[in-house]
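First up is the structure itself, then whatever we jot down about it.
Since every read-out is calculated from the coordinates, none of them should be taken as a lab result. All values derive from a computational prediction rather than experimental measurement. Don't worry about glycine lacking a Cβ; one is built from the backbone with ideal geometry, like all the others, and counts go over all protein chains shown.
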């Protein structure tokens, strides 16, 4: 990836922390990184098995502090303007899911799996250009599922409005929309009283195909002004 970077801000700096490893193992890692011409953007913090326990204890904090330097100075590759509450691929969020409102569960039940698939595929897609239609659709939907929950600080949305915008994204109404227009689409949805209709239908027993017609028509019509 670094070979394709065009500016300092695009370079990925790596911090390796080796704790209680043999000196020979650390030396092998340095050799591998050197042969790959990677030491110029790598830092290796070593507290080997022969080092005192206090050094082994503070080694991870040292590595973390060095990483913060690159983060705070804009010298990192993976900043995307979002702050995840959980890692959707690793978190076992059974407790969180159990405490959600029934209406929210009905709407966003599939989003965790879709996001996990997106992150897995997005990591590989950086190195490939020959993506099939299904993969492109997955990446397209995932990017929009990440964009939709963004909101200004100290401006929480009422639950009925959260449900409406998440429903729109999961059901594909944002798929043909540029990412920079999604917030405008959300604003259009939130100004309408149809958000209350969607929650009401969910509370009355779920969304059958017949019940979905009215909110789906509204969301589709709203999306027309923002799609390409």
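With 10 angstrom as the radius, rank 173, 218 by how many other C-beta atoms surround their C-beta, starting from the fewest.
Fewest-to-most Cβ neighbours within 10 Å comes out as 218, 173.
For region 131-221, what relative contact order do you get, as a whole percent, if you take Cα pairs closer than 8 Å and at least 6 residues apart?
Result for region 131-221 is 31 percent.
Using the 10 angstrom Cβ neighbour count as an exposure proxy, how do 144, 71, 128, 181 rank, fewest first?
128, 71, 181, 144
What shape does region 2-72 take by its C-alpha gyration tensor, where a ≥ b ≥ c are the square roots of the eigenvalues and a/c under 1.5 counts as rounded, a/b above b/c as prolate, and the rest as oblate?
oblate
So how far apart, in nm, are the two label points at residue 193 and residue 49 if each is 7 Å from Cα heading toward Cβ?
In this crude label model, residue 193 to residue 49 measures out at 7.3 nm.
Taking 0.36 nm per residue of separation and subtracting the Cα-Cα distance, what length does fully extending residue 29 through residue 204 add?
Additional length available on full extension: 57.0 nm.
Please give the contour-minus-distance gain from residue 143 to residue 116: 0.36 nm per residue of separation, less the Cα-Cα distance, rounded to one decimal in nm.
Gain on extension, residue 143 to residue 116, equals 8.6 nm.
Pulled fully out, how much extra length does the chain show between residue 221 and residue 22, if you take 0.36 nm times their separation in residues and subtract their Cα-Cα distance?
Between residue 221 and residue 22, full extension yields an extra 65.3 nm.
Within 10 Å of each residue's Cβ, count the other Cβ atoms and sort 224, 197 from fewest upward.
In order of increasing Cβ crowding within 10 Å: 224, 197.
Name the shape class, rounded, prolate or oblate, that the alpha-carbon gyration tensor gives for region 94-223, where a ≥ b ≥ c are the square roots of its eigenvalues, rounded holds for a/c under 1.5, and otherwise prolate holds if a/b is larger than b/c and oblate otherwise.
prolate
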